[in-house]
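Peer 1: Dropping the structure in here first, questions after.
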Amino acid sequence: MVVVVQSLREQVAWACRILAVEGYADLTLGHVSARGSEGEIWIKRKGVALDEVEPEDVVAIDDTDAVLHLETVLHTGVYRARPDVGAVVHGHPPYATALAATAGELALLTHDAVLFAEGLARFADPDLIVNEEQGDRVAAALGPRRAMLLNNHGVLAVGKDVSWAVLVAATLERAAQLQSIAATLGELRPMSGELALQLQPDKYRDEFVDEYWATWQRSLERAGRGFGGDRA
C-alpha cells in the first residue's frame, strides 16, 4: 500500500473543505490552523470560503505579507497555553452556535456527545477576539477541554493534530443538532457521565480517526470538491 504523506498546508486545506460540508460554511468566515513539529503555525488566509481553500491559501502565521483573519489570536492564544494541541478550528456552525446563544448545556444524549463527556468550556464575552489579551483569556477558559462554546458567537475546537480537530468540530455540531431534534420529540434522557467516560476510549481512537479522515477525503473527491474539482 502506498502511503501518501500530506503537508500541513494540504491537511489544513482538506480540513477547511471537510468542515464546509459538516455545517461550518459561513461565507468567508471560519478558520483552521495547524502547528508543525518546529512550532511553525499554518492557517487559512482571510478572503476565501472554507470550501474554496487550496493548499496555497494556507499561510504561515508569521508571514508579514499574508492577509490573516482578525481572530487569528484565538489560535495563537491556544497554542501558547496548550502544548498538546496541534490544530485549532473556529467557526459558526448553526446548531452549536445556537446552543452557545442559550443557557443550555450539551447533554450526553448520543455517542457523539460522548466525545465531550468531560464537558464543554464556555467563554462569556460575545465580542470578536482580536487581540492577544482576549486570545489568552479564551485559552484560559478552554483549559484542558476539547471544545468551547463562545457565547452568542460560535465554537472553538482543538485536537492533537488536524484530523482530530476536525473530528471534534464536526462531532460537536452533530451532537448539538441531534440534541435539538431530540428536544422536539420528548423528554431528554441523557446517559450518565460515568457511562460516557467509559464509552469514550472505545468510541474514539486514533485508528478510527484515520479512517474517518480518509472517508471524508474520498467523499469530497467523489463530489468533485477535492483540490481542483468543481466547487459548485
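Peer 1: Would you mind giving the average projected area, over all directions, of the Cα convex hull of the range 1-127 in nm² with one decimal? Write out the running numbers ahead of the final one.
Peer 2: Numbers: hull surface 39.8 nm².
Result: 10.0 nm².
Peer 1: Further, regarding this structure: Of the listed peptides 59-70, 27-38, what is their order by residue-averaged count of other C-beta atoms within 10 Å, with the highest listed first?
Peer 2: Those peptides, ordered most packed to least, come out 27-38, 59-70.
Peer 1: If you roll a 1.4 Å probe over the heavy atoms of the protein chains, what accessible area per residue do you get for the range 1-85, in Å²? Present the calculation step by step, with values, prior to reporting the outcome.
Peer 2: Numbers: 4130 Å² over 85 residues.
Spelled out: the 1.4 Å probe surface of the range 1-85, per residue, equals 49 Å².
Peer 1: Let me ask you something else. Quote the accessible area belonging to Arg174 in square angstrom, nearest 10, computed with a 1.4 Å probe and with ligands, DNA and RNA left uncounted.
Peer 2: 130
Peer 1: Which ³J(HN,Hα) values, rounded to whole Hz and listed in residue order, are derived for the range 7-24 from phi using the Karplus coefficients 6.51, -1.76 and 1.60 in 6.51 cos²θ - 1.76 cosθ + 1.60 with θ = phi - 60°, glycine and proline given as x?
Peer 2: Per-residue couplings from phi come out as 5, 4, 5, 5, 4, 5, 5, 4, 4, 4, 5, 4, 5, 4, 8, 9, x, 9 Hz.
Peer 1: Given a cut-off of under 8 Å on Cα pairs at least six residues apart, what relative contact order in percent is computed for the chain?
Peer 2: 22
Peer 1: May I pose another question? Step through the residues of the range 35-46 one at a time and calculate ³J(HN,Hα) from phi using the Karplus curve (6.51 cos²θ - 1.76 cosθ + 1.60, θ = phi - 60°), rounding each to whole Hz and writing x for Gly and Pro.
Peer 2: Here the 3J(HN,Hα) series is 10, x, 5, 9, x, 5, 10, 10, 8, 4, 7, 6 Hz.
Peer 1: Answer with a single label: of (i) 19.9, 81; (ii) 17.0, 54; (iii) 17.2, 57, which was calculated as Rg and Dmax of the Cα atoms in Å from the structure in view?
Peer 2: Comparing each candidate, only (ii) matches the computed number.
Peer 1: Amide H to amide H, which residues 5 or more places from Asp161 or on other chains are under 5 Å from it, using H placed in the peptide plane?
Peer 2: Under 5 Å from the amide H of Asp161: Gly86, Ala87.
Peer 1: Continuing with the same structure: Report D for the range 136-232 in µm² per second (integer): Stokes-Einstein, Kirkwood Rh on Cα pairs, 37 °C, 0.692 mPa s.
Peer 2: 204
Peer 1: Follow-up question, since we're still on this one. Please enumerate, by chain and number, the aspartates and glutamates with C-alpha under 16 Å from the C-alpha of Lys203, excluding those fewer than 8 residues away in the same chain.
Peer 2: Asp112, Glu118, Glu194, Glu211
Peer 1: Taking θ = phi - 60°, what integer Hz values does the Karplus form 6.51 cos²θ - 1.76 cosθ + 1.60 yield along the range 175-185, in sequence order, with x for Gly and Pro?
Peer 2: 4, 5, 5, 5, 5, 4, 5, 4, 5, 8, 9
The values are calculated or read from the model by the stated rules, or taken from the named source; none is laboratory data. The structure presented is a predicted model; accordingly, all values stated were derived computationally and were not measured. Glycine gets a Cβ as well: all are built from the backbone with ideal geometry, and neighbour counts include every protein chain shown. Keep in mind that these areas ignore ligands, DNA and RNA; they rest on the heavy atoms of the full protein, side chains included. Shrake-Rupley method; radii C 1.70, N 1.55, O 1.52, S 1.80 Å.
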